[in-house]
Structure formats: C-alpha cells, structure tokens
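Asker: Take this structure first; my questions come after.
Every number in this text was worked out from the coordinates using simple rules, so none of it is lab data. This one's a predicted model, so the numbers in the text were calculated from it and none came from an experiment. Methodologically, a virtual Cβ is constructed for each residue, glycine included, from the backbone with ideal geometry; neighbour enumeration extends over all protein chains shown.
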C-alpha cells in the first residue's frame, strides 16, 4: 500500500508542475469553476422562485444534491477522468500504442491507468462544492450528529466508487473501438445528477436508479444529511458500488487481453 501511495505522490507532483507551467491555466480553471457553480445555482433559483417544493424536495434539500454533485464532479476531474480519458480517442494510448509503456511497468495496469495524471485545479470545484454543501446544511436547519456525518461520508465514498466503476466500464469499451471516447456519452447523462432523482418521471427515475445509478451518486448522500435515507438503501448502495467495481475491473482486464500493442 505504501508503494502505491508514494507513486500517487509522484503523480501529483508531476501533474502540478505541468499545470503551473502556464499562468493562464489558473485563471481559466477558476473561471470555469465559477461558471459551473453559477449555472447550477441559477437553475435551482429559477425553479424555486416559482414553487416552494417539487415532489417533496425543497430548495435546501435540492441544494444539498447540487453540493454533492459538485464535490463528486470535482473528484472526478481531480484524479479519475484525467487518466482514463487519455486511453481513448484517435490520439489516445490504445490507438497510438502508448499503452505499451504502461503495460511494461511493474505495477497494476488499472491503477496506473486510473491515477497517473491529476488535474489539481479541480480543487477549486471541490472548494466551491463544499461551500454549497455547507450552505445547504445550514438551510436544512437540522442538527447533524457525528453518526450523521459518518453516514454521509460512507455514502459519499460509495458514490465516488460507483462513479469510478461506471467510468472504468465506459473507458474499457475503448478496447473494442479505440478511436471513440465513450465517456463523452456518459458526460451528458451525468449532468442529470445535478438534481434529485425523485424529480424525474417514473421510467426515467427507475433508469437513473438501477441502470445508470446516478441516484446513488448524488441523491443518496444528500438524503443522509436530512435523515430521510434508510439504512437498507445505504447498505444497498454500498453493495451496488462494490459489485460495479468488481465488474468494471473484470471488464477492464478482459479488454486488455484484446489490446494488440503498437507493433501488431
């Protein structure tokens, strides 16, 4: 474990040097973070200026979902997507054959493919997401106990693991079609996680809960803050996250066996 932690530290240091090479990157990342926050808040303000609640969700509880979405999106942009996205596309590692160098490393291939690149400017998004979540908690006007916070952290860990597994599944498809960035397909769907899954109509709500479990990624952690989430749903989410992770890892390694390398 310590070996992998040292590798992550080296990856972070290298990524930081690359990002600080251009001063404009700082301001562009900050502007992007503020625009992302602004569009999310604007949507909620427009809705709840007209009504007090929608299907049992008021402004404070919906704001908590947005806060979780921003936090999860920030963590995705911090260390998941930067590495996985390099595998796909015409200039990706699979198409160009650069994956050969990853396979030659004496470290687990999935680990290297997932953590070798970091986008540290995503910490702006993380800070803004935490700020939104704190405001939502204050507006919920409910007293949080240590148990509530631990439950929320547990649900958040399950949501991050679920998101990682989904992205690994979409990324693994690149071994069957190297030139296509399948995670682009997921990006459009993932934007629906900004809002509680309960706001969507019946069939779509079922799809976003059990087919592409966006509800487990953002809605379930937010509900733990208000105490409206049952223990069965929480542990069910943990089980789903573990199963998705195991299935995603199997698909990734199966895809690796299809890789023909640059010399073939």
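Asker: What number do you get for the chain when its Cα radius of gyration is normalised by 2.2 N^0.38 Å, N = residues?
Answerer: 1.06
Asker: Then there is this: Mind checking the angle between helix 2-19 and the chain's longest principal axis? C-alpha axes, 0 to 90 degrees, to the nearest 10.
Answerer: 90 degrees
Asker: To continue, here is another question. If you fit an axis through the alpha-carbon atoms of helix 231-258 and take the longest principal axis of the Cα set of the chain, what angle between them do you get, 0 to 90°, nearest 10?
Answerer: Approximately 20 degrees, to the nearest ten.
Asker: So for the pair residue 250, residue 231, with labels modelled 7 Å out along Cα→Cβ, what separation do we get in nm?
Answerer: 3.0 nm
Asker: If r is the Cβ-Cβ distance from residue 176 to residue 142 and R0 is 45 Å, what FRET efficiency results, to the nearest 0.05? Can you show the working numbers first?
Answerer: Working: r = 48 Å, r/R0 = 1.06.
Computed FRET efficiency for residue 176 and residue 142: 0.40.
Asker: Any chance you could give the angle, 0 to 90 degrees and rounded to 10, that helix 146-172 forms with the longest Cα principal axis of the chain?
Answerer: 40 degrees
Asker: At a threshold of 8 angstrom on Cα-Cα distance, excluding pairs fewer than six apart, so keeping six or more, what relative contact order does region 105-251 reach in percent?
Answerer: With pairs under 8 Å counted, the relative contact order is 34 percent.
Asker: Using alpha-carbon positions, what is the distance between the centroids of region 199-245 and region 25-61, in Å?
Answerer: 21 Å
Asker: Still on this structure, please answer the following. To the nearest 500 deg cm²/dmol, what mean residue ellipticity at 222 nm is calculated for the chain from DSSP H runs of n ≥ 4 alone, each contributing -39,500 (n - 2.57), summed and divided by the residues?
Answerer: That calculation yields -21000 deg cm²/dmol at 222 nm.
Asker: For residue 154 and residue 191, what does the FRET efficiency come to when R0 = 22 Å and r is the distance between their Cβ atoms, rounded to the nearest 0.05? Could the numbers behind the result be given before it?
Answerer: Details: r = 25 Å, r/R0 = 1.15.
Calculated value: 0.30.
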